[in-house]
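Here the structure comes first, spelled out in structure tokens, and everything after it is commentary.
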Amino acid sequence: MESINITLHAKDDAQIEAVKAFMKALKIKFEISKEKTFVLSSEQQKVLDSQIGLDKKHYKDADVVYTDLKNKYGL
């Protein structure tokens, strides 16, 4: 069985409950995620787009930076 992602833009909790009842009536397994989606401004998108082709040797992985900071400040 293949999984698909569906985004629901409900106006209120009653609509969410109605969709849940519908899915249960059809015996379709589902899960609800509380992740919030976000939208980038055009300026933010331009910054990200400009970084796509840059040389990766000039950057450090976020995990490496985090580990370095922890070690430096004894966290």
Could you look through the stretch 12-46, keep only residues that are of a type in the set (Val, Ile, Thr) and surrounded by 11 or more Cβ atoms within 10 Å (Cβ to Cβ), and pick out the one that is modelled with the lowest pLDDT?
16
Every residue from the stretch 1-56 that is in a loop (DSSP other than H, G, I, E, B) and basic (Lys, Arg):
11, 27, 29, 34, 36
State which residue pairs qualify: first residue small (Gly, Ala, Ser) and inside the stretch 1-29, second residue part of a helix (DSSP H, G or I) in any location, beta carbons under 7 Å apart, and separation of 6 or more residues or different chains.
10/16
Reported set for the stretch 50-66 where residues are at pLDDT 85 or above, surrounded by 10 or more Cβ atoms within 10 Å (Cβ to Cβ) and either touching a Leu at 6+ places or on another chain (Cβ under 6 Å) or of a type outside the set (Val, Ile, Thr) (or both) is 66
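The values are calculated or read from the model by the stated rules, or taken from the named source; none is laboratory data. Every value quoted in this text rests on a predicted model; they were computed, and no experiment measured them. Heads up, the Cβs are rebuilt from the backbone with ideal geometry, glycines too, and the neighbour counts pull from every protein chain shown.
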